[in-house]
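Step one of this worksheet: look at the structure below.
The values are calculated or read from the model by the stated rules, or taken from the named source; none is laboratory data. Quick caveat: nothing in here was measured; it's all calculated off a predicted structure. Here the Cβ positions follow ideal geometry from the backbone for every residue, glycine too, while neighbour counts run over all protein chains shown. When the accessible area is computed, the model is the full protein with side chains, heavy atoms only, and any ligands, DNA or RNA have been set aside. Shrake-Rupley method; radii C 1.70, N 1.55, O 1.52, S 1.80 Å.
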Amino acid sequence: MSHDMVITHGGVGATSEWNDGCERAAKSGMDALKIGTVLDAVVAAGAILEDDDRYNAGTGANLRLEGLCELDAAVMTDEGDFGAVACITGVQYPIQVARLVMEKTPHAMLCGDGAAAFARHQGIPPYCPVTERAMKKLVKYRRKLETSKLADLWPGHKFTGTIGAVARSAAGRFAVSCSTGGTPLTLKGRVGDSPICGAGVFAGALGAICCTGTGELIMKRLIAHRIYIALEDGHALKDICQAEIDRFPQGEYLGIIAIDQSNHCVLNTHDMPFGIEGDQ
Ligand code: GLY
């Protein structure tokens, strides 16, 4: 028999000294699950993390090298419903907009100006997520580019990820959410793994998976989907996730939170804040 459970993460590469925010988010997700659905749970948990300016999502998220705050987010349910936004600007809760894309449009993803216009049309008020800390970080990265090429700075570059949540209900339902400002050293218009179905997120009848880390590498490997397929093949959740961590390029950043009917898993190549709420 399954139990209610919500797991959150605050991005691989971030410090576990920030577990408190992830624990608060997991609790908020659990509160939402008690009166609602697994989708409500991952959206509620995500909103807490998007509001906490320590994490790279929503308020305080990384800025593009051009100075813009472009945000990516996604939600997915065990019924295969999926919604995402990419490079959206001027919203407080990108996960909420991703949910609206899923529920109110025939599309799976909206990006850029179209995503922002859709949010306004849905009554989401304009919001500036840019913080002083994010501006200072941008100045630091721009300085690096005075003496180095962007591509040369990338290998082994420290990624302080994403936020995400997975939820399971006692009835065995699953959902996942994910949100990010992307990596700090990126060009306007760059999209990582977070809003890509099967890369940063995947959910189905057997479980839900959320990844964080070097988006380009996660996207090319479709890691969330690969984990799910291995679950379908009957492998144990922890073994599957450990295999993905082991085969990820040495020194690069990958974090995984995952849940199935009776197990859960939190694994990461570098430090990663997380929170778990529910019977373990
Ligand atoms: N994993 C977040 C990103 O690469 O955008």
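Here are a few things to note about the model shown:
Condition check ((1) of a type in the set (Val, Ile, Thr); (2) crowded, with 23+ Cβ neighbours inside 10 Å; (3) modelled with pLDDT under 95) across all residues:
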residue	(1), (2), (3)
57	no, yes, no
90	no, no, no
97	yes, yes, no
105	yes, no, no
110	no, yes, no
113	no, no, no
128	no, no, no
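- Residue selected from the range 171-188 under the condition farther than 26 Å from residue 143 by Cα and either of a type in the set (Phe, Trp, Tyr) or part of a strand (DSSP E or B) (or both), by the criterion farthest from the ligand (Cβ to nearest atom): 174
- Qualifying residue in the range 31-49 (condition: open to solvent by 30 Å² or more (accessible area, probe 1.4 Å), farther than 13 Å from residue 164 by Cα, among the charged types (D, E, K, R) and in contact (Cβ under 8 Å) with a residue 60 or more places away in the chain): no
- You will find that of 208, 224, 203, the residue that is more than 24 Å from residue 88 (Cα to Cα) and more than 9 Å from the ligand (Cβ to nearest atom) is 208 and no other.
- The C-beta contact set for the range 226-253 (first residue over 25 Å from residue 14 (Cβ atoms), second residue of a type in the set (S, T, N, Q), distance under 8 angstrom, 6+ apart or interchain) comprises 236/263.
- Residue match in the range 156-170 (condition: buried (at least 23 other Cβ atoms within 10 Å of the Cβ) and more than 16 Å from the ligand (Cβ to nearest atom)): yes
- Residue 179 fulfils the conditions (1) small (Gly, Ala, Ser); (2) buried (at least 17 other Cβ atoms within 10 Å of the Cβ); (3) free of Cβ contacts under 8 Å to residues at least 60 places away in the same chain except for a single criterion, (3).
- Note on the range 189-198: residues that are more than 16 Å from residue 55 (Cα to Cα), within 9 Å of the ligand (Cβ to nearest atom) and of a type in the set (Gly, Ala, Ser) total 1.
- Taken together, the residues in the range 270-280 that are in a strand (DSSP E or B) and either modelled with pLDDT under 95 or β-branched (Val, Ile, Thr) (or both) amount to 1.
- Only one entry in 86, 98, 45, 73 is farther than 25 Å from residue 187 by Cβ and not in a loop (DSSP other than H, G, I, E, B), namely 45.
- Filter pass, residue 267 being within 14 Å of the ligand (Cβ to nearest atom) and either assigned to a strand (DSSP E or B) or open to solvent by less than 10 Å² (accessible area, probe 1.4 Å) (or both): no
- Enumeration of residues in the range 154-198 that are among the aliphatic types (A, V, I, L, M), under 25 Å from residue 15 (Cβ atoms) and under 17 Å from the mean Cα position of the chain (by Cα): 163, 165, 166, 167, 176
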